[in-house]
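Here's the structure we're looking at; comments come further down.
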Amino acid sequence: MSELTRLTIAEAREKMRARDLSSVELTDAYLSAIDAANPSINAYVTVTADKARAMAKRSDERMASGEAGALEGIPLGIKDLFATEGVHTQACSHILNSFEPRYESTVTSNLWNDGAVMLGKLNMDEFAMGSSNETSYYGPVVNPWRVEGSNKSLVPGGSSGGSAAAVAAELCAGATATDTGGSIRQPAAFTGTVGIKPTYGRCSRFGIVAFASSLDQAGPIARDVRDAAIMLRSMASTDAKDTTSVDRAVPDYEAAVGRSVKGLKIGIPKEYRVDGMPGEIDALWQQGIDWLKEAGAEIVEISLPHTKYALPAYYIVAPAEASSNLARYDGVRYGLRQQGRDILEMYEKTRAEGFGEEVQRRIMIGTYVLSAGYYDAYYLKAQKVRTLIKRDFETVFADGVDAILTPATPSAAFEIGDAEMAADPVKMYLNDIFTVTVNMAGLPGIAVPAGTSTDGLPLGLQLIGRPFDEETLFAAASVVEKAAGRFTPKRWW
Amino acid sequence: MTIVDTRTPDPKRFIPGATGDWEVVIGMEVHAQVTSKSKLFSGASTEFGKAPNANVSLVDAAMPGMLPVINEECVKQAVRTGLGLKAQINKRSIFDRKNYFYPDLPQGYQISQFKDPIVGEGKIVISVGPDRKGEFEDIEIGIERLHLEQDAGKSMHDQHPTMSYVDLNRSGVALMEIVSKPDLRSSDEAKAYLTKLRTILRYLGTCDGNMDEGSMRADVNVSVRKPGGDFGTRCEIKNVNSIRFVGQSIEYEARRQIAILEEGGSIDQETRLFDPGKGETRSMRSKEDAHDYRYFPDPDLLPLEFDDAFIEELAAHLPELPDDKKARLIETVGLSVYDASILVSDKAIADYFERAAKGRDGKLVANWVINDLLGALNKAGQSIEETPVSPDQLGGIVDLIKAEVISGKIAKDLFEIVWNEGGDPAAIVEERGMKQVTDTGAIEKAVDEIIAANPDQVEKAKAKPSLAGWFVGQVMKATGGKANPQAVNALVKAKLGLED
Amino acid sequence: MSVDIATVKRVARLSRLAVSDEDAQRMVGELNVILGFVEQLDEVDVSGVEPMTSVIAMDMKKRADVVTDGDKAADIVANAPASEEGFFLVPKVVE
C-alpha cells in the first residue's frame, strides 16, 4: 500500500481522474498507514475511519458522475484547532474535554465542498502555544526524521507538529495547519515538508479555536509546493462570518508553481544574520540565494531594522490576546468543569486543571501586560513596535522588492525533552525568531525544504511576500524545491 | 479627566442637614437597548420573553472559534441617537474588550468601546417644574459620551438551592451606554433627565424605553458636598430600573452619605444596589479585582469608520425631536407652553395629537386631548396606546363642534359614548338625535314659555342684566341641551330688551 | 519591571487560575525571564508612532439587521457540564 500513500495530491488527483485509483482505495491505504504508524508518531489524536470511508465513497460516486471538486477524494488530516462538526475538537487541551462542536470551520467546510476526505484530527501544541508539540494534552508528536544512526526521538516542531509529522510520514496527503508566530513554517522546516502561512485575512478564522486573533492564520502543510498551492486554493475564501477576512477573489495558486522568477527582485535582510547562527544555516541560506540567482532573480541586500524587536513584541501581543480569547473556557458552557465551593473556586480549579503549564504561563503574561498601570508600557508599546515592523516591510516592497529570502529556523529539529529549552521558556520562543515578523506584519510566508543538516535532518528556507502575493512565493519556492529536491524520512516505525 | 462644574448652587435644591445645607451631585450612565431585530454581533433575535437560550447563536454562547460581525443597523441607531443628543459623531471608533469573569458573560469579556466611542459630547435640555408660580425651569445637562456595547445574559439565583441558572437570550443584544456629565443636582432633575432621555430615544425610534422589560436601566452616581464645594466621593447605584426608583435611590443615598459625613465619617467609593422593597441602597458584595478590566482593542474587529455622507444621510431622515416639535406647536399652532409641553412629553401622545389635529383647529384639539382624553385615560389607568377613542374619532367630535352640529356640552356626552361603545361620532349624533337645535322658531317658542312662566325673574334680570344667563340655562335645559347656545343667548337678550 | 509573588497571585486571581504557593514561586522566575526578554522594547523610539489596529487595511464588514440564527437551545447546551430545562447551571452566585 505504501506506493499509494507516497503519491502527492497532484499525482493522486491524476490517477483518480484517469480512474486508475479510487478514493476508497487511497483512503484505506492511509487508514492502514495511520494504524501502523500512529503508536510511534502520535500525529493523530482522533482517527475518523468510518467518516473517512463514507466521504471517500461519496467522492467516488461524484467522480463517476463527473462532478469532481478540486480536492475530490483526497484524504487530509485536520489540525485539532479546526472545529469539525460532531468530531473531537479540543485544541489538544484538557479544558475542552469531550467537546464536539455542532458546527464546522469555514476552512474545513471549503475543503469538504471541494471533495476532500477527513482522516482525523491532528496533534498540536495546546491551543497552538508551543514550538515543539510538547505542550499537547495528548503527549508529544515524534518527528519521523531521526539523526542518522540515532534512535532518539526528535520534536516535529510546533504548534502544527501533528500536521507536519503526518504529512512527512505519509499519514495523510496533506494537512491543515495554523500559524500565529511560525506554527506552520517551523514544523514544515523540521520535517522536510512545505508549509505556507498566507496573508492575514486570506483564510477565514471562523471555527478555528482562537489563540491570538490578530496573528492567527490557517494554511496547509503539504509534500511539495504544488500540493500546498492546490490546498491553499481550496482553504482560502472570503467569509461574511469573519470580519477580518478579505474581499478578494482567490487566485489559481497552482498556476504560479514553476512560473519563472526571471527579473524578480529578491531581498536578503541583513538583520536575519543573527549572532551565533549555525554555519550550516548560513550555508543553506547562501545556497538558496545562488539557486534563485541562477533562475534569473535579482538579489538585493535589504534592511529590516526592527527585526530584532518582533519576537519580544510578539510575546506581549500574542499572550495578551490569548489571555482574553481563553477566558471563555470557564467550565460553564462546554468542556471540563471541576467542582468548587462557589463560582470563583469552580473557575479557578477548572482552569488550573484544564490548561497546561505553557498555556497558563501565557495567560499570566497576557493578563499582567494588560492589567492596570502596565497597558501603555507593554501592550500599547508592542502595538507601536508592530507598526514599525510593518513599515520596514512596506519600505522594501516600495523599493521594488518582490519577495524576501531568509532561513526558516535557526536550527534543525531538537530532541524531545530538551533540558535547556524546558528550563528557559525564552530559549523555546527563539525558535520563531525568523518566522514571527511575518505574522506581526500580516504577510504571507512559505517554508520550503532546501537541504539537510550535518546530522542529516531537513532544513528549510523561508520566502516572505507582499500582502496577497502568495503566487510569487509559490513561484520562488518551486525554484528552491526544483534545485534542492524532495526530502523523505527513512521509515523506522 | 477634569470635571467642569457647569451649575450654580441653587438653595431650592439644597438638602438641610444638622451641620447646614448640602448639595447632591448626580451623574447617570444609562444603558439603552438599541432597537434592532438582531443582536450587535450575531444574527440571533432580540425578541423579549423567549424560552431559555432560544435567542442564542453560537457566537452569543462564545463557542470556540466563533467571531463577531457587526450589525450595521445598530451603528446607524447609535449615530441617530448621537444626532438627537446634538452630540459630536466620531467617524472612527474602536471596539474594546472589557475583561471579567461572570457566568452570564460567555466570552469572558464584553465587547464595548472604551477610549474611542462612536459618539462624543452632547447635551439634553430638561425642564423642571412647575414651581409655585407655575413656571418651568429649563436646564442644560451635558452628555459625556455614548458608546455601543454588548448586553450580558441573565443569571437567576432563586430557582435552585445550590445552583444559579444562566440564560443567554440577552447576551450580545446591542446597548447604547449614554453617560451624562455630573450636572444633575436633585432627584427631580435626575428623574426629569431620564424621562427626557427616554422621550428623545422614543422619538428617534432607537430604543423603546421599556424599563420594565429591561430595555433601559440606569447606573446612578451620587455624591454630596457643601454647596459649591469640591466634589465628594461618589457611590454608584447599579441597574436601577424605573424612574421612580431613580428618585428614591438618590434621596436615600444622599441622606445616607450626609449622615455619615455629619458624624465625621467618610464615604467609601463603592457599588451599591437599590432595594425597592425597603427603599434603601446597600453595598454590593465587593470584588477585589472588579476594577481591573484590562481593556484592549478587540482584535476580531476592525476600527468602525464611516464618512460624512453616512452621517448626513441619517441626519436628513431624522424624525422631529421633542424640543423642535414643542417649538413648532407653540409658534405655528399657537399652543401654550404648558399644552405643548404636555403633548410632546410622550411621543405617542404627540403622534395622537398630530393625527387628530391634522386639518383642524389645533388649540381645540389640544384641549380635548389634554383635558378629556388624557383625563379619561388617567382615570381608567390606561396608557395612550390603549385609548378606546382613536385620533380620527376625536377629530370627528371636534369637527361636529366646529360645524355647530353639537354643542360643547353634548360633545362631552358624545365623547363618553364613543369611549364606551365606539362608533363614528357623526353617525351616533345622527342616530341618537343629538344635533343641536338651530331652528329659531323652536328656540323662540321655548324662550317665550320660560319668560311667561317667570315674571319675577324677568324683573330681576331687567334690573341686573347678568341674570339673563339664568334664562339661557333654563332654555338649554328645556331643549335637552340641543339648542344652539349663541342663538338662545341672543333671543333671551332681545326678548328681555337687554342691550347686547 | 519584575514581578513578585504577591503580583503573581493577584494576576492568577485575575486570570482565574488556582495556584499553590509552590506554583506561584515557580511562576515568579518564569515570568521575570519573559518580562526581562520583552524589556528589549525599551530601546525602540516609538514617539509619534500609531499603534497597530489592523494588520491589513480594509473596511470592517457589516451585517444587515436580519434574524438568521437562534432557535437551537439544544445545540447551545449540548456540551454543557450541567444544564436543566435549557438553562446552563453553575454554582450559586451571590451578588
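The values are calculated or read from the model by the stated rules, or taken from the named source; none is laboratory data. Worth saying up front: this structure is predicted, and the values here are computed from it rather than measured. Virtual Cβ from ideal backbone geometry, glycine too; neighbours counted across all protein chains shown. SASA here: full protein model, heavy atoms, side chains in, ligands and nucleic acids out. Shrake-Rupley method; radii C 1.70, N 1.55, O 1.52, S 1.80 Å.
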Out of all Cα-Cα pairs in segment B:266-337, roughly what percent, to the nearest whole number, are more than 14 Å apart?
81 percent
Computed over the protein assembly as shown, protein heavy atoms only, probe 1.4 angstrom, the accessible area per residue in square angstrom equals 38 Å²
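Kindly state, to the nearest 0.05, the FRET efficiency for B:Ile417 paired with B:Lys86, given R0 = 45 Å and r defined as their beta-carbon distance. Mind dumping the intermediate values first?
On the way: r = 46 Å, r/R0 = 1.02.
Taking R0 as 45 Å, the efficiency between B:Ile417 and B:Lys86 is 0.45.
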Find which of A:Leu344, A:Ser323, A:Ala377 sits farthest along the positive direction of the dipole of segment A:300-378, computed with +1 on the beta-carbon of Lys and Arg, -1 on that of Asp and Glu, about the Cα centre.
A:Leu344
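Between A:Lys152 and A:Lys15, what is 0.36 nm times their sequence separation minus the Cα-Cα distance? Round to one decimal in nm.
Numbers: separation 137, 0.36 × 137 = 49.32 nm, distance 3.75 nm.
Answer, rounded to one decimal: 45.6 nm.
Note down, for chain C, the three equivalent ellipsoid semi-axes (square root of 5 times each alpha carbon gyration tensor eigenvalue), biggest first, whole angstrom. Spell out each step's value before the answer.
Values: eigenvalues 298, 184, 22 Å².
Equivalent-ellipsoid dimensions as semi-axes: 39, 30, 10 Å.
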Can you give the average number of partner chain beta-carbon atoms within 10 Å of each beta-carbon in peptide A:101-113, as a whole number?
2
Residues of segment C:1-21 that become at least 30 Å² less accessible with every protein chain present than in their own chain isolated, using 1.4 Å: which are they?
C:Met1, C:Arg10, C:Val11, C:Arg13, C:Leu14, C:Ser15, C:Arg16, C:Leu17, C:Ala18
Dipole check, the protein assembly as shown, charges on Cβ (K,R +1; D,E -1), about Cα centroid: among A:Ser163, A:Thr243, A:Gly356 the Cα furthest to the positive pole belongs to A:Thr243
Cα-Cα separations in segment B:105-231 greater than 22 Å, expressed as whole percent
51 percent
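Computed on protein heavy atoms with a 1.4 Å probe, what is the summed buried accessible area for the chain pair C and B, in Å² to the nearest 100? Let's see the in-between values first.
Numbers: alone 9410 and 25460 Å², together 30780 Å².
For chain C against chain B, roughly 4100 Å² becomes buried.
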Quick calc: nm separation of the 7 Å Cα→Cβ label points for B:Asp10 and B:Glu444 -> 6.2 nm
Pair B:Lys409, B:Asp424: separation of 7 Å Cα→Cβ label points (nm):
2.9 nm
With axes computed from alpha carbons, what is the tilt in degrees of helix B:243-262 against the longest principal axis of chain B, rounded to the nearest 10 within 0 to 90?
60 degrees
If I model a spin label as a point 7 Å beyond the Cα along the Cα-Cβ vector, how far apart are those points for B:Glu137 and A:Trp493 in nm?
8.2 nm
Could you work out Rg/(2.2 N^0.38 Å) for chain A, with Rg from alpha carbons only?
0.91
To the nearest 0.05, how large is the calculated FRET efficiency for A:Asp290 and B:Lys226 if R₀ is 60 Å and r is the Cβ-Cβ distance?
0.10
Would you work out if segment B:299-437 is rounded, prolate or oblate? Take a ≥ b ≥ c from the square roots of the eigenvalues of the alpha-carbon gyration tensor; rounded if a/c is under 1.5, else prolate when a/b is larger than b/c, oblate otherwise.
prolate
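Placing unit charges on C-beta atoms (Lys and Arg positive, Asp and Glu negative, everything else neutral), compute the dipole magnitude of chain B about its Cα centre in debye, rounded to 20. Before the final figure, lay out each step's value.
Working: 62 positive and 80 negative charges, 171 e Å.
Roughly 820 debye, rounded to the nearest 20.
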To the nearest 20 Debye, how big is the dipole of segment A:119-251 about its Cα centre, given +1 on the beta carbon of each Lys and Arg and -1 on that of each Asp and Glu?
220 debye
The alpha-carbon center of segment A:166-190 and that of segment C:17-95 are separated, in whole Å, by 26 Å
What is the local net charge at A:Met421, summed over the other residues whose Cβ is closer than 10 Å to its Cβ (Lys, Arg +1; Asp, Glu -1)?
-4
Principal-axis tilt of helix B:408-421 within chain B, Cα atoms, nearest 10 degrees:
50 degrees
Report, in debye and to the nearest 20, how large the dipole of chain A comes out about its Cα centre when Lys and Arg carry +1 and Asp and Glu carry -1 on their Cβ.
420 debye
How high is the relative contact order of chain A? Use alpha-carbon pairs under 8 Å, at least six apart in sequence, and give a whole percent.
18 percent
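What does the convex hull of the alpha-carbon atoms of segment B:49-186 project to on average, in nm²? Please list the in-between numbers first.
Values: hull surface 49.0 nm².
Spelled out: convex hull of the Cα atoms, projected over all directions, averaged, 12.3 nm².
Got a number for carbon plus sulfur as a percent of chain A's accessible area, 1.4 Å probe? It would help to have the intermediate numbers written out before the result.
Details: 6790 of 14650 Å².
Here carbon and sulfur together make up 46 percent of the probe-accessible area.
Taking the Cβ of A:Trp285 as the centre, find all other residues whose Cβ is under 12 Å away and add up their charges (Lys, Arg: +1; Asp, Glu: -1).
Here the count lands on -1.
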Is any residue of segment B:78-97 close enough, with backbone N under 19 Å, to a label point placed 7 angstrom from the Cα of B:Ala315 along the Cα-Cβ axis, and if so, which?
B:78-93
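Nearest 100 Å², what total accessible surface is buried between chain B and chain A (probe 1.4 Å)? Working shown, then result.
Details: alone 25460 and 18410 Å², together 41040 Å².
Interface area, both chains combined: 2800 Å², rounded to the nearest 100.
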For B:Arg282 and C:Glu43, FRET efficiency with R0 = 60 Å and r from the beta-carbon atoms, rounded to 0.05?
0.70
In whole Å, largest first, the alpha carbons of the protein assembly as shown cover along the principal axes 142, 78, 61
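Let me check something: with ligands and nucleic acids excluded, how do A:Thr395, A:Thr199 order by accessible area (1.4 Å probe), largest to smallest?
On the way: A:Thr395 75, A:Thr199 0 Å².
In descending accessible area the options line up as A:Thr395, A:Thr199.
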Within a Gaussian network of chain C (alpha carbon springs, distance under 10 Å), most fluctuating of C:Ala24, C:Ala73, C:Ala12:
C:Ala73
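How shielded is A:422-428 by partner chains, expressed as the average number of their Cβ atoms within 10 Å of its Cβ atoms?
On the way: counts 0, 2, 5, 5, 6, 1, 0.
For peptide A:422-428, the averaged partner shielding equals 3.
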Roughly how many whole Å is it from the C-alpha centroid of segment B:65-85 to that of segment B:218-283?
33 Å
Compute the label zone of B:Ala348 within segment B:362-391: residues whose backbone N is under 16 Å from the point 7 Å along Cα-to-Cβ.
B:370, B:373-391
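Kindly identify chain B as rounded, prolate or oblate by the Cα gyration tensor criterion: order the square roots of the eigenvalues as a ≥ b ≥ c, call it rounded if a/c is under 1.5, otherwise compare a/b with b/c, prolate if a/b is larger, else oblate.
Prolate, since a/c reaches 1.5 and a/b exceeds b/c.
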To test your reading of the geometry: what angle, between 0 and 90 degrees and rounded to tens, separates the Cα axis of helix B:468-478 from the longest principal axis of chain B?
90 degrees
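How much net charge surrounds A:Cys92 when only other residues with a Cβ under 12 Å from its Cβ are counted (Lys, Arg +1; Asp, Glu -1)?
Working: positive: A:Lys79, A:Lys121; negative: A:Asp80, A:Asp125, A:Glu126, A:Glu134, A:Glu358.
Value of the local net charge: -3.
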Protein accessible surface hidden between C and A, which excludes ligands and nucleic acids, total in Å², probe 1.4 Å:
5400 Å²
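Ordered by packing density, taken as the mean number of other Cβ atoms within 10 Å over each peptide's residues, highest first, how do A:218-229, A:177-188 rank?
Highest to lowest by the protection proxy: A:177-188, A:218-229.
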